[in-house]
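Before any comments, here is the structure.
The values are calculated or read from the model by the stated rules, or taken from the named source; none is laboratory data. Model, not experiment: these values are computed from the prediction. Glycine gets a Cβ as well: all are built from the backbone with ideal geometry, and neighbour counts include every protein chain shown. All accessible areas refer to the heavy atoms of the entire protein, side chains included, with ligands and DNA or RNA removed. Shrake-Rupley method; radii C 1.70, N 1.55, O 1.52, S 1.80 Å.
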Amino acid sequence: MTPGFDEMHAGEQALREHYRSYDRWLRAQPPELMTARREEAEMIFRRVGITFAVYGAKDEEGAGTERLIPFDLIPRVIPSAEWREMERGLRQRVTALNRFIHDVYHDQDILKAGVVPAEQVLKNAQYRAEMAGVDVPGDVYSHIAGIDIVRAANADGSGTYYVLEDNLRVPSGVSYMLENRKMTMRLFPELFVLNRVAPVAHYPDLLLDTLRAVAPAGVNEPAVVVLTPGMYNSAYFEHAFLAQQMGVELVEGKDLFVKDSFVYMRTTQGPKRVDVIYRRVDDDFLDPKAFRPESTLGCAGLLDAYRAGNITLSNAIGTGVADDKSIYPYVPRMVEFYLGEKPILQNVPTWLCRQDDDLKYVLDHLPDLVVKEVHGAGGYGMLVGPAATRAEVDAFREQLLANPSNYIAQPTLSLSTCPTFVDAGIAPRHIDLRPFVLSGKTVQMVPGGLTRVALKEGSLVVNSSQGGGTKDTWVLEA
């Protein structure tokens, strides 16, 4: 069996080169100082209101709560050469995904060529027929993408990055990336003298530039707003944070109205036209005239204004068709089909349970696999075979047989570990990485992303809603 990959240690004793400066510093820190710093971070995060809401049945106590996302003091460090290669792969992948979404809603060349099965797309719950033939500025649909990346060990002791998931609808978490950096700089300013860490604080500027770059044609000074479902949404802190950082208005659906196919915002000075909406509201709730009539979160007539080309939505309606887990296995083929290139970042091997041969394999190896709902999120609706009891495996087998097309399966990758400051001291914990890729006139990103960490010993589930925490992510400048 291949051992796990540890980001900091190449072996039991050997340190990886890019962690050496940090390790020398860490060894000089008294444990009681680190504990005090962790308590200080928790106090500051609580005071600022950096929380994550968990609702109803998803909460361990069966009720909605506001929780702090635990912040780990020990950063994850990525050398510049690794980041440059990852960045190339991210640009390539997101470019291909945007090409795919445009194709799906226009000529459908990839479906006609049989590269992606047409029924996988056209019968997908995330496919929006209302978007067929609708042109969007620059043919960009997913302006903000969060690509989840994991690292697994190879037999020779090296590690390989894999894309675990593409989040192209309303990816969250970037505020925690920014706040984690601010916290590390506040607690340990000397670290940034000892290490050349690439900055991330300019992300809100890049985001605003991206949003302004995709405004409707002919708009020279676009008015940008952030559309939130409201203060009870789990990521409301992030919505308010990004609006404040960009210097734009945070609005709810009730603050907007449509007149003559243009969108306006209600202000104390009267109506003001809006040109770009960074929306953190799912498709179904955006427009009660077009989607769910009972929704109070969106704005009636928004789709008509969108189809008329008078408003830009970031991300576009219908982007979910490309980040569905049943479409994920085809992304490497999209890269080759649209760009004529070999994928730089690889997928995790995936079995589609809707296919008979794949289903048979999954049923035969269920205790060894991770099985996920194709529309699932947050670590819910999944089976981690090696960590499940026999009864849990048997129960999941029944669910799988009842609706095989609703599931995919993957091998149980041993996610890389990073030293983490836990109650017992410093111990390895599994991590992933979510870089945030911005697509406007160009594709750009800040170095690194959000590192999520599974704080429970042995756990592979990094999601905040299930007890995961976050770390600062350093990309070292060469």
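On full extension, the segment bounded by Glu336 and Ala427 gains 28.7 nm, given 0.36 nm per residue less the C-alpha separation. Using heavy atoms of the protein chains and a probe of 1.4 Å, the accessible area assigned to Phe421 is about 20 Å². Using R0 = 22 Å, the C-beta based FRET efficiency linking Glu249 and Ala201 works out to 0.50. Extension gain, Glu457 to Lys289, is 55.7 nm, computed as 0.36 nm per intervening residue step minus the present C-alpha separation.
Solvent-accessible area per residue for segment 104-225 at a 1.4 Å probe radius, Å²?
Counting only protein heavy atoms, the per-residue value for segment 104-225 is 40 Å².
Taking the protein heavy atoms of the chain in the context of the full set of protein chains, the accessible area attributed to carbon and sulfur is 50 percent at 1.4 Å. Taking the alpha-carbon distance from Lys123 and a cut-off under 23 Å, which lysines remain once sequence neighbours fewer than 8 residues away in the same chain are dropped? Qualifying lysines at Cα under 23 Å: Lys112, Lys289, Lys325, Lys372. Over segment 245-403, accessible surface divided per residue gives 46 Å², non-protein components excluded, 1.4 Å probe.
Note on His106: accessible area is roughly 50 Å² with a 1.4 Å probe, heavy atoms of protein only. Treating r as the C-beta distance of Asp139 and Thr160 and R0 as 41 Å, the FRET efficiency rounds to 0.80. Compare the Cα positions of Gln346, Leu33, Val281 along the charge dipole of the chain (+1 at Cβ of Lys, Arg; -1 at Cβ of Asp, Glu; about the Cα centre) and return the one farthest towards the positive end. Value computed over the given set: Leu33. At an R0 of 35 angstrom, the distance between the Cβ atoms of Ile344 and Ala132 translates into a FRET efficiency of 0.65. For the chain, leaving out every one of the GluC sites (Glu not before Pro) that falls in a DSSP loop and has at most 13 other Cβ atoms within 10 Å, the longest unbroken run is 62-189.
With every protein chain kept in the model, how would you rank Leu433, Leu476 by accessible area, 1.4 Å probe, largest at the top?
Output order, biggest surface exposure first: Leu476, Leu433.
Beta bridges from DSSP with both residues in the chain: antiparallel share about 75 percent, rounded to the nearest 5.
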